[in-house]
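Step one of this worksheet: look at the structure below.
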Amino acid sequence: MRGAVIHAPGDVRFEERPHPKIINPTDAVIRTAATCVCGSDLWDYRGINPVDQPTPFGHEYVGVVEEVGSDVKTIKPGQFVIGSFFASDNTCPNCRNGYQTSCLHREFVGADGCQAEYIRIPLADGTLVATPEQPAEEHIPSLLACSDVMGTGWYAAVAAEVRPGDTVAVVGDGAVGLCAVIAAKELGAGRIIAMSRHETRQKLAREYGATDIVTERGEEGVARIKEMTGGIGADRVLECVGTNESMHQALRATRPGGNVGFVGVPHGVAIDGEELFYSHVGLRGGPAPVRQFLPDLIDRVLSGRIDPGKVFDLTLPLERVAEGYRAMDERRAIKTLLLP
């Protein structure tokens, strides 16, 4: 089979790779129906994360089950499935508490690379969720979004404890930030402020429920949020980038007693303990426990209540994966959908 392999920063190739096989009796192998490029993949593509050797790439996927191991009981060949980027048994104490990305037996699904024609999924019973039937073609992009960006945006809102009537600010206008706008609306936010400088992303944010757009960044962005909230700050701020600037912008734009939900993978983030102490701002985040939210999100997609698949504004055949990376790196695309 063929799949994407990153050889060095800026060097993604589509090449022959070994066909995945059942290694453990809890594994499944799926035939990929769709995959995509994630904003977090760009950390490696840009050389911010080191790339020491050729590495299979990608961690978002939907597909049809081809084969299951002897211990797999609930997932069956022929089912259409969606899964998280972390495999989890969904039975350990951390999973039962809703933090499947801290599963005691977790495995990173992307270790084998999901931008490929076939994928091995560890801990299949705990990781994969099957749809009731083969979904309509128009639902596949949104179901794929649930594999990561929609679940991650949802977790940003849950971690920040968004409540009905809240004023919510979203830092980051990539796919996760846009999905966080969806989440804030679904959880009842009364006002949603999207922080974005890009017209196409602003338009989609408004379509998803944003009531206001702020184009300023850093301290200017903080000042604008405070001006819009009577000098106090937003009730909840969803940090969906992962830089030092974005984190401080989020913390300082939050009112005393408010919360920040942070889901951008941190790079160079340093938080001053004394500043956090006196801010009275709550801070919670981490790798999103997507598996916790999948059944609900899948239902919202299939019922037509949410359409996160609109974040895919570029669709390419999987063999042109390198072009998809370039488009996102150059901000010509929000998110690239790849079809085998």
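The values are calculated or read from the model by the stated rules, or taken from the named source; none is laboratory data. Quick caveat, the model's predicted, so the values are computed rather than measured. Reconstructed Cβ throughout: ideal geometry from the backbone, glycine too, with neighbour counts over all protein chains shown. Just so you know, the surface numbers come from the protein's heavy atoms only, side chains and all, with ligands and any DNA or RNA stripped out. Shrake-Rupley method; radii C 1.70, N 1.55, O 1.52, S 1.80 Å.
A single entry from D52, D71 fulfils the requirement of being modelled with pLDDT under 95 and among the charged types (D, E, K, R): D52.
Would you say N90 is among the polar types (S, T, N, Q) and open to solvent by 60 Å² or more (accessible area, probe 1.4 Å)?
no
Among the residues of the range 193-215, which ones are open to solvent by 30 Å² or more (accessible area, probe 1.4 Å) and in contact (Cβ under 8 Å) with a residue 12 or more places away in the chain? Matches in the range 193-215: R197, H198, T200, Q202, R206, E207, T211, D212, I213, T215. Just one of the numbered conditions (1) open to solvent by less than 10 Å² (accessible area, probe 1.4 Å); (2) under 21 Å from G98 (Cβ atoms) is not true of V170: (2).
Listed by position, the strands (runs of 3 or more DSSP E) contained in the range 233-340 that have at least 1 residues being under 29 Å from F14 (Cβ atoms) are 314-317, 336-339.
I'd like to know if the range 44-55 contains one or more residues that are touching a residue at least 60 places away in the same chain (Cβ under 8 Å), open to solvent by 50 Å² or more (accessible area, probe 1.4 Å), of a type outside the set (D, E, K, R) and in a loop (DSSP other than H, G, I, E, B). The answer is yes, given that some residue of the range 44-55 is touching a residue at least 60 places away in the same chain (Cβ under 8 Å), open to solvent by 50 Å² or more (accessible area, probe 1.4 Å), of a type outside the set (D, E, K, R) and in a loop (DSSP other than H, G, I, E, B).
Taking every residue in the range 101-116 that is surrounded by fewer than 22 Cβ atoms within 10 Å (Cβ to Cβ) and pairing it with any residue that is of a type in the set (D, E), at least 6 positions away or on another chain, the pairs with Cβ-Cβ distances below 9 Å are L104/D89; H105/D89. Restricting T167, T200, T131 to residues that are closer than 15 Å to F312 by Cβ, among the polar types (S, T, N, Q) and over 14 Å from the mean Cα position of the chain (by Cα) narrows the list to T200. For the range 190-248, a residue qualifies if it is over 27 Å from E275 (Cβ atoms) and small (G, A, S), and the qualifying residues are G190, A205, G209, A210. Applying the criterion of at least 1 residues that are aromatic (F, W, Y) and at pLDDT 95 or above to the helices (runs of 4 or more DSSP H) found wholly in the range 87-200 leaves 149-159. Of the residues in the range 223-245, how many are closer than 25 Å to W43 by Cβ and open to solvent by 10 Å² or more (accessible area, probe 1.4 Å)? Residues flagged as closer than 25 Å to W43 by Cβ and open to solvent by 10 Å² or more (accessible area, probe 1.4 Å) within the range 223-245 amount to 5. Quick one: would you say R120 is within 21 Å of the chain's Cα centre (by Cα), within 30 Å of V241 (Cα to Cα) and open to solvent by 70 Å² or more (accessible area, probe 1.4 Å)? For R120, the condition - within 21 Å of the chain's Cα centre (by Cα), within 30 Å of V241 (Cα to Cα) and open to solvent by 70 Å² or more (accessible area, probe 1.4 Å) - is not met.
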